[in-house]
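The values are calculated or read from the model by the stated rules, or taken from the named source; none is laboratory data. In this text the structure is predicted, and so the values were computed from the model without any measurement. Counting neighbours? That spans all protein chains shown, and the Cβs are built from the backbone with ideal geometry, glycine included.
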There are 2 protein chains.
Amino acid sequence: MRLFDGGRVPNARRVRIFLAEKGIPVPLVPVDLGRKEHRLPEFLARNPLGKVPVLELDDGTILTESVAICRYFEELHPEPPLFGRGALGRAQVEMWNRRCELELYGAVQAAFRHLHPAMAEYEVPQIAAWGEANKPRAIEALRMLDHALGATRFIAGDSFSIADITAFIAVEFLKPARLAIPEDCARLRDWHAGVAARPSAAA
Amino acid sequence: MRLFDGGRVPNARRVRIFLAEKGIPVPLVPVDLGRKEHRLPEFLARNPLGKVPVLELDDGTILTESVAICRYFEELHPEPPLFGRGALGRAQVEMWNRRCELELYGAVQAAFRHLHPAMAEYEVPQIAAWGEANKPRAIEALRMLDHALGATRFIAGDSFSIADITAFIAVEFLKPARLAIPEDCARLRDWHAGVAARPSAAA
């Protein structure tokens, strides 16, 4: 198998961090988005949505969507569990992963794509008002995570999970979106420093 | 346990259809969004995001996010599997469920919330340009599903799954968003008629 990677793109990083946490080596095929390689016919044949990352199995089967790729590896290599343990644990990881993605990452991504000049050729139409509307939503989501970290060590409980990875790639994406963790969110800052210090963060 | 429901809201319907497919009876507590019951303190205490549905377990544990609630019941009652079977099958359901949600449902929802006059007091600011930008995205997603149905009986393969439920609630939401399945998407129309004829669709 091989993973068509996207370098600094948050969703590509999400899968690389997940694989590093699991200790699973997968050969990477670089996809240079700056050179628009994700819009070439051979890439679109694998994922018509033109999005990275893409996992290609040995028989040619294609998996897209970063969480789906992560779930495939979770099923093949259950330990350590990054999607939770037990019915309630798995549901709680799903809940927090979705909150991190829909409330935080989605808002940060919208602020970036609709406000950053470099995105004008990709996000058509680029709607500045929509980018601006998402900035307070991102901040509100950061506060929600800071609050949650008052009760648990990690985002979805006391074990590290894919929800932490999703929150981490979203927080790392704040800077290009010209956003930052609010000064008073000390728990979230500590959590971020802890995740950034894990070896997987370099993946 | 009890499920705080939201009537016609697509995500509330997603959980009710899922439970009906599984044959799991769960007591419903109606939440009247027209009367803004989702903004009352007792609701916000259960879900600070103010969103339905919310599952409350007997010990008071709260689960939000419709897919997380569905996954909880999938773990407790694995048959029939609605999140796929086997590593690849589960990953493919995850992939298609996310495509249905992010590409189709998200676009339909944005078109509805940013263009419908009744949403002006809920979606602040309401940005018509963003609503309009999502209409062609919704149509493109419908064409993607129509294409996929050329190879498989259901959205994520030859078995009915949560991806079909997500696609179904999104397609049912087209009308309020003033959208429709393109005339030439015959496979998607047939699939929709088939899903609408299942007893669960009345849930």
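Take the stretch A:157-190 and flag every residue that is closer than 20 Å to residue A:70 by Cβ and over 15 Å from the mean Cα position of the chain (by Cα).
Residues satisfying the conditions are A:157, A:159.
Of the residues B:178, B:143, B:153, which is in contact with a Cys (Cβ under 8 Å, 6 or more places away or on another chain) and basic (Lys, Arg)?
That would be B:143, the only listed residue that is in contact with a Cys (Cβ under 8 Å, 6 or more places away or on another chain) and basic (Lys, Arg).
Identify the residue in the stretch A:178-201 that is among the aliphatic types (A, V, I, L, M) and assigned to a loop (DSSP other than H, G, I, E, B) and, among all such residues, is surrounded by the fewest Cβ atoms within 10 Å (Cβ to Cβ).
Here the answer is A:197.
Yes/no matrix, rows are residues, columns are (1) of a type in the set (D, E, K, R); (2) away from chain A (no Cβ under 12 Å); (3) not in a helix (DSSP H, G or I):
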residue: B:89; (1), (2), (3): no, no, no
residue: B:92; (1), (2), (3): no, no, no
residue: B:100; (1), (2), (3): no, no, no
residue: B:130; (1), (2), (3): no, no, no
residue: B:133; (1), (2), (3): no, no, no
residue: B:166; (1), (2), (3): no, yes, no
residue: B:176; (1), (2), (3): no, yes, yes
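Of the residues that make up the stretch B:120-130, is at least one surrounded by fewer than 15 Cβ atoms within 10 Å (Cβ to Cβ) and acidic (Asp, Glu)?
Scanning the stretch B:120-130, I find at least one residue that is surrounded by fewer than 15 Cβ atoms within 10 Å (Cβ to Cβ) and acidic (Asp, Glu), so the answer is yes.
Restricting to the stretch A:144-157, what's the tally of residues that are surrounded by fewer than 18 Cβ atoms within 10 Å (Cβ to Cβ) and more than 10 Å from every other protein chain (Cβ to nearest Cβ)?
Here the count works out to 4.
Filter the stretch B:1-28 down to the residues that are loosely packed, with under 14 Cβ neighbours inside 10 Å and modelled with pLDDT of 95 or more and list them by number.
B:1, B:2, B:23, B:24, B:25, B:27
For the stretch B:25-76, which fully contained strands (runs of 3 or more DSSP E) count at least 2 residues that are facing chain A (nearest Cβ under 9 Å)?
Here the list reads B:62-64.
Is it fair to say residue A:113 is within 12 Å of chain B (Cβ to nearest Cβ) and among the charged types (D, E, K, R)?
In short, yes.
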